[in-house]
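Presented below is the structure to which this report refers.
Nothing in this text is a laboratory measurement; each read-out follows from the coordinates by a stated rule. For clarity, every value in this text was computed on a predicted model and none was experimentally measured. Cβ coordinates were reconstructed from backbone atoms using ideal geometry, including for glycine residues, and neighbour counts include every protein chain displayed.
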Amino acid sequence: MSDIKTLEMPKWGLSMEEGLLARWAIQEGEDFTKGQEICEIETSKIVNVLEAPFAGTLRRILAPTGRYPPGRRSFGAGS
């Protein structure tokens, strides 16, 4: 059985308080590799892609597109 790992909202810069989950690049059940683009995050200053910090399978999307997961809150779970 695989360990579940969480995907967390990054902290890009000292002034970043929240980020909008603008777009998922992968779907639930899809495999991804470390460094692969998994989603796009929009802040008050930039739009940037988040690369996977580990290889695995996206098991569950915890925050859908258009949501603001607060701080470093988990927005996805993979294994």
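A few notes on this one:
- Contour excess over end-to-end distance, with Cα ends at Tyr68 and Lys11 and 0.36 nm allotted per residue: 19.2 nm
- Highest-fluctuation residue, Gly19, Gly29, Gly56 considered, GNM on the chain with Cα pairs under 10 Å: Gly29
- Mean Cα-pair separation over length for the chain, i.e. relative contact order, pairs under 8 Å, 6 or more apart, %: 41 percent
- Counted over the stretch 5-78 with a bin width of 10 Å, the fraction of Cα pairs per bin, in whole percents, is 21, 58, 20, 1.
- Full-stretch length increase - Glu30, Ala55 - with 0.36 nm per residue and alpha-carbon distance subtracted: 7.9 nm
- Charge dipole (debye, nearest 20) of the chain; +1 at Cβ of Lys and Arg, -1 at Cβ of Asp and Glu: 200 debye
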